[in-house]
Amino acid sequence: MNPPPPDPSRSNPGTGLLAIRLTGVRPEEARIVLLSAAYFFCLLSAYYVIRPIRDQFGVAGGPQDLPPLFTATLAVMLIAHPVFTSIVSRWPRRRFVTVTYRFFMVCLLAFYVLLQAVPSGSTPWVWVGRSFFVWTSVFNLFVVSVFWSFMTDIYRERDSRRLFGLIGVGGTLGGIVGSSITAFLVEVVSVPNLFWFSILLLEGAVLCVKALDRRVGAQSGPKTDGGRDGPRPAPGSVIGGSALEGIKRVASSPYLLGICAFMLLFTFGSTFLYYMLGEFVSGIFVAPEARAAVYARLDLAVNTLTLVTQLFLTGRILKWLGVGLTLAILPLVSIIGFLSLGAAPIFAVFVVFWVLRRGVNFAVAIPAREVLFTVLRRRDKYKAKNFNDTVVYRTGDLAGIWSFNGLGALGLTTAAMAWSVVPVAGVWLVVALWLGRRQKGLAGG
């Protein structure tokens, strides 16, 4: 048995106590937390490089293209989910995570070749762009879902509330770097050449996965399928079960159904805002590069706000308020924001609401939402969670986009549409508080 790593705080107690007070990280946890943050950094950098490109492709033919694109995305999700969970059932953690990320790297390389081969603005270019929009909308949910499944697998419930916000800082820094790359280089280098940044960053994520798996493996207890604060599972163990197990578990568990409801209500409002953003951007900016730059700068503002919140507030909010009240912050922000947008439906108000809502989501709501999964058994962390994070998420997108389209067809203005989401956000608030109580009970708190 390997001896435990030396504890730096023993040789310098003052430094150790200061580090714990400022970050919440104990000295023996530092390397694993840093690797986790680096892993998230690489993933979100890779995504935020291509996110503005996806967004400008989505509105290239006008906002009316968005409903069929979201419909196609859900269809792909319904196919991809059982394929992924079938792999999860048969392969060890490190192998299926690595294969997932490298599959997406190969796809990016294929899009690079296609966009280089077809003339910009041509009919084939438009269809490649639409395919890229759908692919990216699948990619971003899968890679992040796998990341958080990994995190809930290696961190115990009591530690997750303390550390998930800090780990999220890595992702936020990655978002800032990725969006900055596109914001400042998209008009200098061609769009396809930006894909190489994402490919290299995804390979960096793979290296972090392997390093984490080795380090966590050295600290693992006996093989277990339990949740809460049991021993860490052996990294080489196979999760097992069936490809459709996640769907069955969600259908039979009130707690998992509650998480699904939380996700559906969140994405419903998010898609309304995304459609409004598409209308604003397509109406104000004409050139594809200008649209990509606007999207990238919005992402940069969101990630800057997120970073500040994560560094100074997230851990304290979870500690002081608990999971339920922390989850309730985003619905409250949404209620206030939609009321404000209904009263003044202009681009400036929209931008403030957009940045604030997404910043609160990334900095506060996501860490709290991921804590919900730490009290579940291991299969649920990968299978039920993946179903919730991909298929349910995109179902909410689809409901939101078609509802927006339907209300627009009835002649409702942007202000009236904003008002219509307020009751939905009220139901979302109730669900958040209920989930907090259930999570506390399952955690034994």
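The values are calculated or read from the model by the stated rules, or taken from the named source; none is laboratory data. Fair warning: this is a prediction, and the values are worked out from it, not measured in the lab. Reconstructed Cβ throughout: ideal geometry from the backbone, glycine too, with neighbour counts over all protein chains shown. Only protein heavy atoms, including side chains, enter the accessible area calculation; ligands, DNA and RNA are left aside. Shrake-Rupley method; radii C 1.70, N 1.55, O 1.52, S 1.80 Å.
Observations on the model:
- Residue-level check: of (1) part of a helix (DSSP H, G or I); (2) free of Cβ contacts under 8 Å to residues at least 60 places away in the same chain, residue 411 misses just (1).
- Only one of the listed residues (395, 314) is among the β-branched types (Val, Ile, Thr), part of a helix (DSSP H, G or I) and over 24 Å from residue 427 (Cβ atoms). That residue is 314.
- In region 246-280, the residue that is surrounded by the fewest Cβ atoms within 10 Å (Cβ to Cβ) out of those that are assigned to a helix (DSSP H, G or I) and small (Gly, Ala, Ser) is 252.
- For region 380-391, the count of residues that are more than 24 Å from residue 156 (Cβ to Cβ) and either modelled with pLDDT of 95 or more or surrounded by 20 or more Cβ atoms within 10 Å (Cβ to Cβ) (or both) is nonzero.
- When region 281-298 is filtered for residues that are in a helix (DSSP H, G or I), open to solvent by 30 Å² or more (accessible area, probe 1.4 Å) and either in contact with a strand residue (DSSP E or B) (Cβ under 6 Å, 6 or more places away or on another chain) or among the hydrophobic types (A, V, I, L, M, F, W, C) (or both), the ones remaining, listed by number, are 284, 290.
- Residues within region 118-141 that are open to solvent by 10 Å² or more (accessible area, probe 1.4 Å) and either outside any helix (DSSP H, G or I) or aromatic (Phe, Trp, Tyr) (or both), tallied: 8
- Qualifying residue in region 179-196 (condition: of a type in the set (S, T, N, Q), open to solvent by less than 10 Å² (accessible area, probe 1.4 Å) and within 19 Å of residue 363 (Cα to Cα)): yes
- Of all residues in region 142-178, those being open to solvent by less than 20 Å² (accessible area, probe 1.4 Å) and not in a helix (DSSP H, G or I) number 1.
- Some residue of region 100-114 being over 23 Å from residue 293 (Cα atoms), charged (D, E, K, R) and at pLDDT 90 or above: yes
- Considering residues of region 365-379 that are within 17 Å of the chain's Cα centre (by Cα) and open to solvent by 10 Å² or more (accessible area, probe 1.4 Å) only, the residue nearest to residue 64 (Cα to Cα): 366
- If the condition is being small (Gly, Ala, Ser) and either assigned to a helix (DSSP H, G or I) or closer than 30 Å to residue 275 by Cα (or both), then region 418-445 contributes 418, 420, 425, 426, 432, 436, 441.
- Here residue 301 does not fit the description of being out of contact with any strand residue (DSSP E or B) (no Cβ under 6 Å at 6 or more places or on another chain), part of a helix (DSSP H, G or I) and open to solvent by less than 30 Å² (accessible area, probe 1.4 Å).
- Check on residue 114, out of contact with any Leu (no Cβ under 8 Å at 6 or more places or on another chain), open to solvent by 60 Å² or more (accessible area, probe 1.4 Å) and free of Cβ contacts under 8 Å to residues at least 24 places away in the same chain: yes
- Considering region 305-352, the residues that are among the aromatic types (Phe, Trp, Tyr) and open to solvent by less than 10 Å² (accessible area, probe 1.4 Å) include one that is nearest to residue 174 (Cα to Cα), namely 350.
- You will find that of 335, 284, 346, the residue that is touching a helix residue (DSSP H, G or I) at 6+ places or on another chain (Cβ under 8 Å) and modelled with pLDDT of 85 or more is 335 and no other.
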